[in-house]
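Since the structure comes first, as structure tokens, the remarks are kept for the end.
No lab work stands behind these numbers, since they all come straight from the coordinates. Quick caveat: nothing in here was measured; it's all calculated off a predicted structure. Every residue, glycine among them, receives a Cβ derived from its backbone with ideal geometry; neighbour counts consider all protein chains shown.
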Amino acid sequence: MEIWPLVSTLGMILSIPILFKSYEHESLRARFGRERGDRLAERLGLISGYMYFGFWIALWLVPQERFALGLMKGATLVIPLMGLVTLSIPLDHLIVGIGFIIPGAWLGIAGVREVSLRVAEYHRPEKVVSTGIYSHVRHPQYLGGMLSHMGMTFFLSGLGSLLLTPIVILINFVIARKEEMEMVREFGEDYEEYKRQVPMFIPKL
């Protein structure tokens, strides 16, 4: 495996401590006061969120070996990008990628719409949200991100991105667990009850 996918994944991991700190609203309020603590949490959330997703996107785009499913040999879609780059996507990768991208994007957008863009960016909800998509899974945005990761991996045929997918899933699980720990500290039994009713990532059939 080439080094650049590993570097991108390491960048994701290094952004996690800042992301974790942005979730610790009660601790920051106790140390700096409610207003300053909330403001600091928002800034940390914004910085770490863009760092995390920036390195995640880099994982798809950095130079790396390519893989092929080989289900539709020779069939490719050629897309010229502003006359600078030509993107060739094998049709079997395109079909599989769309199968991940569409539900992934829908989950991400549905999650943001339900909690608001501000909460999604700053990681500071005012209450336990259990309506809409949050009545089916507790972390639709992380689930959407993981599905979109698979979609982009197939679109761009990135072997490093594919091989590092288990680590990407583990990172998202660890982040979701930390977020839930802080939600329990803030909202207590309300969030515990929500956890009992709604699955983390896999919706109930």
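Pairs of lysines 8 or more apart, or on different chains, with alpha carbons under 16 Å: count those in the chain, would you?
Details: Lys21/Lys178; Lys127/Lys195; Lys178/Lys195; Lys195/Lys204.
For the chain, qualifying lysine pairs total 4.
For the range 74-175, what are Rg and Dmax over the alpha carbons, in angstrom?
According to the Cα coordinates of the range 74-175, Rg and Dmax are 16.3, 53 Å.
Hey, what do the phi angles of the range 146-154 turn into as Karplus ³J(HN,Hα) couplings, whole Hz, using 6.51/-1.76/1.60 and θ = phi - 60°, x for Gly and Pro?
So the J values, rounded to whole Hz, are 5, 5, 5, 4, 5, x, 5, 4, 6.
Would you please give the residues with an amide H less than 5 Å from that of Val128, counting only those at least 5 places away or on a separate chain, with H modeled from the backbone geometry?
none
Mind listing the long-range amide H neighbours of Thr76? Cut-off is under 5 Å, sequence gap 5 or more, other chains count too, H placed in the peptide plane at 1.01 Å from N.
Correct list: Leu91.
Could you give me the percent of Cα pairs per 10 Å distance bin for the chain, shortest bin first, beginning at zero and ending with the bin that holds the maximum distance?
Over the chain, the share of Cα pairs per 10 Å bin runs 9, 30, 33, 19, 8, 2, 0 percent.
Please identify the trypsin sites (Lys or Arg not before Pro) of the range 27-77 that satisfy two criteria: DSSP loop assignment and at most 15 other Cβ atoms within 10 Å. Which are they? Spell out each step's value before the answer.
Working: sites: Arg29, Arg31, Arg34, Arg36, Arg39, Arg43, Arg66, Lys73; in loops: Lys73.
Here the sparse-neighbourhood loop sites are Lys73.
Using label points projected 7 Å from each Cα along Cα→Cβ, tell me how many nm separate Trp4 and Leu91, to one decimal.
Label-label distance for Trp4 and Leu91, simple model: 2.9 nm.
Which whole-Hz couplings ³J(HN,Hα) result when phi for each residue of the range 200-205 is put into the Karplus expression 6.51 cos²θ - 1.76 cosθ + 1.60, θ = phi - 60°, listed in order with x for Gly and Pro?
5, 10, 9, x, 5, 7
In whole Hz, with x marking every Gly and Pro, tabulate ³J(HN,Hα) for the range 38-46 from phi via Karplus 6.51 cos²θ - 1.76 cosθ + 1.60, θ = phi - 60°.
5, 5, 5, 4, 5, 5, 5, x, 5
May I ask for the net charge around Met1, where only other residues with Cβ less than 14 Å from the Cβ of Met1 are counted and Lys, Arg are +1 while Asp, Glu are -1? List each step's numbers first, then the result.
Details: positive: Arg66; negative: Glu2, Glu65.
With Lys, Arg at +1 and Asp, Glu at -1, the neighbours total -1.
Please give, to one decimal in nm, the separation of the simple spin-label points placed at Lys73 and Thr131, each 7 Å out from Cα toward the Cβ.
Placing both labels 7 Å beyond Cα along the Cβ direction yields 5.6 nm.
Using alpha-carbon positions, what is the distance between the centroids of the range 54-86 and the range 1-44, in Å?
Spelled out, the Cα-based centre of one part sits 31 Å from the other.
Exactly which GluC sites (Glu not before Pro) in the range 1-35 are in a DSSP loop and have at most 16 other Cβ atoms within 10 Å? Could the numbers behind the result be given before it?
Values: sites: Glu2, Glu24, Glu26, Glu35; in loops: Glu2, Glu24.
Answer in residue order: Glu2.
If you look at just the Cα atoms of the range 144-205, how large are its Rg and its Dmax in Å?
Rg and Dmax of the range 144-205, Cα atoms, are 15.1, 45 Å.
Give me the compactness ratio for the range 1-98, meaning the Cα radius of gyration over 2.2 N^0.38 Å. Before the final figure, lay out the partial values.
Details: Rg = 20.2 Å, N = 98, 2.2 N^0.38 = 12.6 Å.
It is 1.61.
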